[in-house]
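Down below is the structure, laid out as structure tokens.
The values are calculated or read from the model by the stated rules, or taken from the named source; none is laboratory data. Note that the structure is a prediction, hence the values are computed from the model and not measured. Neighbour counts are summed over all protein chains in view; Cβ atoms, including those assigned to glycine, are modelled from backbone coordinates with ideal geometry.
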Amino acid sequence: MPVYFEFGWQTGNQPPVFAQGWQAEQPSSGVICLVHGLGEHSSRYQHVARAFCRAGYNFLTFDLPGHGKSGGKRGHIPPYPELLKNIDQLLEQAGQKFPGLPCFLYGHSWGGNLAL
């Protein structure tokens, strides 16, 4: 059974970001870092997180600004550089929480555009 945890961050004067993760039973093969689509939130991917954990992967995701439990004006899309800083932060958190494991960036819909 995966272990669920919540975390977050705030960069500069940007709104606080809500993030969550699922740790697979050991040994794990890597970390999946998911970026959700426009108008969604990270909790919609709980079933995906559990499936990856069953396959031996840890899973991290976050709510983009203005989405889900993150701060910011609802539905507002900040400039891309600000969005990309949040993805960088997610990848940094993956390295801190699961050192030495490969990290895979997974974007769905608009999140796929950001991941590219």
Within region 30-85, take every residue that is within 13 Å of Leu114 (Cβ to Cβ) and in contact with a Pro (Cβ under 6 Å, 6 or more places away or on another chain) and give me the one that is surrounded by the fewest Cβ atoms within 10 Å (Cβ to Cβ). Pro78
So, in region 60-69, how many residues would count as being assigned to a loop (DSSP other than H, G, I, E, B) and over 12 Å from Glu40 (Cβ atoms)? 2
Only residues in region 21-43 that are in contact (Cβ under 8 Å) with a residue 40 or more places away in the chain count as the first member; pair them with residues that are assigned to a helix (DSSP H, G or I) and hydroxyl-bearing (Ser, Thr, Tyr), Cβ under 6 angstrom, at least 6 apart or cross-chain, and list the lot. Leu34/Tyr45; His36/Ser42
For region 19-33, how many residues are of a type in the set (A, V, I, L, M), closer than 12 Å to Tyr57 by Cα and part of a strand (DSSP E or B)? 2
Does region 70-80 contain at least one residue that is modelled with pLDDT of 95 or more and closer than 17 Å to Glu6 by Cβ? yes
Qualifying residue in region 36-48 (condition: on the phi < 0 side of the Ramachandran plot, assigned to a strand (DSSP E or B) and in contact with a helix residue (DSSP H, G or I) (Cβ under 7 Å, 6 or more places away or on another chain)): no
Restricting to region 1-53, name every residue that is under 20 Å from Gly111 (Cβ atoms), out of contact with any strand residue (DSSP E or B) (no Cβ under 8 Å at 6 or more places or on another chain) and among the charged types (D, E, K, R). Glu40, Arg44
